[in-house]
Structure formats: C-alpha cells, structure tokens
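Below is one structure, written out as structure tokens; comments come after it.
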Amino acid sequence: MGGMGTVLRELRGAQKTAKGVSLYSRHVNRPLGRLFAAGAYHIGLTPNQVTFISALFTFSSLASVALVRPSWGLAVAVYAGLVTGFALDSADGQLARLTGRGGPDGEWLDHVVDCAKMILAHTAVLISFRRFFELPSEGWLLLPLGFLFAAVLTFCAGLLREQLGRAAASGRTAAGGGAPARASRARAVALLPADYGVFCLVFLLLGDPTAFRLGYAALAAVHALFLVLFLVKWFRELRAFRTPD
C-alpha cells in the first residue's frame, strides 16, 4: 500500500462517522489511533492482535491502581497506559476497515475488552480506596460501585439501542428513509464529560488522594446524570420506530 503517509491517508478515508462522538475522541483519540493503526499495518499485526495489545496496556495500568500505593509517579504511568490502551482500542477498528480483515469475532472481542475495562477500572478504584485511602467514612466505598453501575448500564443500554435501532432503521431505509443526520459540534462538546478519554484524566490526580477522590466523585455524578439522559433519549428514539397499529 506504500509508505506511512499513504497508509495514513487511506486510514483517514476509513473513519467512522463523527456523529455522537465527543471532541476528545474525534480530535485526539482517533488521530492517535490512526498512527498506531498505520504502525500496526506496517509490522503486519492483525486487528485482533492490536485489541490484545490494547487490553495489555489498559489492564496492567488498572492493576497498578489496585496494587500500588498512590503517588505522582503512579499517576503519570497509569494515565499514559490508559491513554495508550484507548488509542489502540481505536486503532484495531481502523486497521480492520483498512485491511478488510474485520468481522463479528473482532467486534465481539472489542466489546468484551471494553466491558472488562469498565468493570476493572472501578473495581481497581474500590480496592485502592480500601487499601490506601484515609476515607472520611466507609460510605465512600459505595462510590466506585455506583460509578460501575452507571458505566455498565450505559454501555449495555447503548449497545442495545444501536443494535435495535439499526435493525429498525434498515426497514425504514428499505421503505425510503431520510438522509443520516450530520455530526453536531455542540453535541461533541457536551459529550466530553462522558468520554472515556476524559475519565482517564482523573487518574492524573492519584498523587493527591483527596483531589482524586473528589475528582472521581464529580465524574461519577456526571455519569449518573448522563445515564438518566441517555436512557430517556434512547427509549424515545426506539419508541419512534414503532409501527403504527
């Protein structure tokens, strides 16, 4: 396919739609993932191999949160590992579209890793809270569990919305549906607090346990709010697909 520049140009043309994607994913994670995808292509990695490498970076970083006493050095290392894992998570899909080697197995593996990542992230914080933090009260141990609930429910409900909506929309398209909506910049900004890349930023506060605890609590509150908003929105969207009696 040629040199790195040619591969990067091909990858730019193989991007997913920007609709429903935050500014971070659009302007930071996807471009970084594109570089990783180009490098993976040149050394002959498969999309599934890139997924496994992504999991290695992410899971080792989260294990460090649970097992190592918080410090500024740990904060930087964890953040770097999580951001690299997230970019590689974007790279596997880009590589699959570039090479035509994607398939249901790769998509399934990607979703499994994403789900495991969410579960482990908040479990690691819970373990770190219990082992290393001087919490004002034991009630703070419930915070990671609540954040975990919001994250997993949002993830699962979003997948179902996508799958059910895609099936319903295909029927409408066959009957003469409209053109897809354009990506909104205002929506991309509004989605920033719910972006995983922004969530990774909170781990830069691990050097100061109080700052990390409060930053994590603020993100948990935001994600709980987004969960409610998403559930209402997705329910209304799916209800609109109903066939009139």
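Worth a mention:
- With the simple spin-label model, which puts each label point 7 Å out from Cα in the Cβ direction, the Asp208 to Val228 separation comes to 2.9 nm.
- Area accessible to solvent at Arg187, 1.4 Å probe radius, in Å²: 90 Å²
- Accessible area of the chain belonging to carbon and sulfur atoms, whole % at 1.4 Å probe: 66 percent
- One decimal place: the segment Glu162-Arg101 gains 19.7 nm when fully extended, by the rule 0.36 nm per residue minus the C-alpha distance.
- Sites Leu238 and Phe133, calculated FRET efficiency, Cβ-Cβ separation with R0 30 Å, nearest 0.05: 0.15
- Potential lengthening between Trp140 and Val152 on full extension [0.36 nm per residue; Cα-Cα distance subtracted]: 2.4 nm
- Stokes-Einstein translational diffusion, segment 66-157 - Kirkwood Rh over all Cα pairs, 0.890 mPa s, 25 °C, in µm²/s: 161 µm²/s
- Cα pair distances exceeding 23 angstrom across segment 8-152, given as percent: 41 percent
- With the biggest extent put first, the Cα atoms of segment 39-84 measure 38, 15, 11 Å across the principal axes.
- When every Cα-Cα distance of the chain is counted in 10 angstrom steps from zero, the calculated P(r) takes the values 7, 27, 33, 23, 8, 2, 0 percent.
- Only protein heavy atoms count here; on that basis, with a 1.4 Å probe, Asp89 has an accessible area of about 30 Å².
- Screening the chain for DSSP H helices whose Cα atoms reach 24 Å or more along their own axis and whose mean Kyte hydropathy is at least -0.5 gives 47-67, 72-99, 104-132, 142-174, 209-240.
The values are calculated or read from the model by the stated rules, or taken from the named source; none is laboratory data. Please read all numbers here as calculations on a predicted model, not as lab measurements. Reconstructed Cβ throughout: ideal geometry from the backbone, glycine too, with neighbour counts over all protein chains shown. Note: accessible area is taken over every heavy atom of the protein model, side chains too, but ligands, DNA and RNA are not part of it. Shrake-Rupley method; radii C 1.70, N 1.55, O 1.52, S 1.80 Å.
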